[in-house]
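Below is one structure, written out as structure tokens, with a few remarks after it.
Read-outs throughout are calculated quantities, based only on the coordinates presented, and are distinct from any laboratory measurement. Owing to the predicted nature of the structure, the values given are computational and were not obtained by experimental measurement. Neighbour counts run over all protein chains shown; Cβ positions are idealised from the backbone, glycine included.
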Amino acid sequence: MSAAVVDVAPQEAIAWALLLALARRAGDGSPVTGDMGLRLTDDGALETGSRAPFIVARPGTPRGWSWPDGAAPSSSVAGARAELEQLFDLYMPLCVGGGSERLSVGHLAQTLDGRIATASGKSQFISGQESLLHTHRLRALFDVVVVGRRTIHEDDPLLTTRLCKGPSPVRVVIDPERRLGPDCRVFSGAPSVALLFCSAAAARRNPQHGSAEVVAVEAPDGKLPVPAILAELGRRGLRRIFVEGGGLTVSSFLAAGALGRLHLTVSPVVFGSGRPSLTLPEIRELGEAHTLQWRHFSLGPDVLFDCTVRT
């Protein structure tokens, strides 16, 4: 199945440009933290406190926003109101409010029975086109996209934002033993910076891996500690982190308490076998389970669960 750029209505394009501007502001360390009107100027700049806002930011609410005076602006916009409202409902909480300047979000696309790939590693594409667009939008809203070695080995993704407007993030691949070859597409000169995180021992071979910079992290047990990865990214000014996969990588960030939100896209497919989405340390009591606050959204044939892991 091939993925093509999805056309959007003019109002949706304006809404998406506004969300990108809010994400940039959060990434610069000064997110919108109070109620205020928002609009874009004619040259595309974000204007806050506007007397004629497109929407109103309300970071203290679950939705994170409202229409001005509680009503959608014009009849031309109202025709696409449901689509616009879902766009803002889904992404505004990721772009405004205290903590959005250092937010980490994990994402997995899984079957109804909790599988992210077949036993042999096949996973393209479990989800539909709308879910793929959602993944690319998350890339555009964050400073960094993080994946593990197996995701690159099985799917060879570029990790860019080719399905939506917006900047491609810094692309981070976690490969402790540096087993991936430099000819993988993510390491071959795509339009954004790539970093290969590996153990200090593996990093000694060469400071470059294709076009990617090699970043050494101490790995006492053969695994790269999540806090050390985040600390290194923070030193580079990269604090809005999108952990795209796979299951082991997202699980390691969740187990380390390093995720603020978790997005699980569930498709109406059953494998009956294959690789599980999340693999966490064994629990003995129900009280040890992760209890999440959640919302859900329809993405074409799929259902997206947006879960708050911690506040």
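Across all directions, the average projected area of the convex hull around the alpha carbons of the chain is 17.0 nm². Proximity of backbone amide H atoms, modeled 1.01 Å from N, is registered between S168 and T161 at under 5 Å, excluding neighbours fewer than 5 places apart on the same chain. For the chain, the antiparallel share of DSSP beta bridges with both residues in that region comes to about 45%. Over the residues of the chain, the helix contribution to mean residue ellipticity at 222 nm works out to -7500 deg cm²/dmol, using -39500 (n - 2.57) for each DSSP H run of at least 4. Taking amide H as placed 1.01 Å from N in the peptide plane, the amide H of W65 sits under 5 Å from that of R58, each at least 5 places away or on another chain.
Tell me, what is the Rg over Rh of segment 99-188, with Rh the Kirkwood radius over Cα pairs?
Expressed as Rg/Rh, it is 0.96.
The simple Förster model, with R0 at 35 Å and r as the Cβ-Cβ distance, assigns V270 and T308 a FRET efficiency of 0.80. Note on D113 and H153: their simple-model spin labels are 2.5 nm apart, each label 7 Å out from Cα toward Cβ.
Answer rounded, prolate or oblate for segment 246-311, using the Cα gyration tensor with square roots of eigenvalues a ≥ b ≥ c: rounded when a/c is under 1.5, else prolate when a/b is larger than b/c, else oblate.
Numbers: a/c = 1.78, a/b = 1.26, b/c = 1.42.
It comes out oblate by the Cα gyration axes.
Note on D89 and A13: the extension gain reaches 25.8 nm, defined as 0.36 nm multiplied by sequence separation minus the Cα-Cα distance.
For the chain, a simple Cβ point-charge model (Lys and Arg +1, Asp and Glu -1, everything else neutral) yields a dipole of about 540 debye relative to the Cα centre. Placing a pseudo-label 7 Å from each Cα along the Cα-to-Cβ vector at F125 and F297 gives an inter-label distance of 1.6 nm. With the simple model of a label 7 Å out from the Cα in the direction of the Cβ, R284 to R179 spans 3.3 nm.
What's the Cα-based Rg to Rh of segment 177-275, Rh via Kirkwood?
1.00
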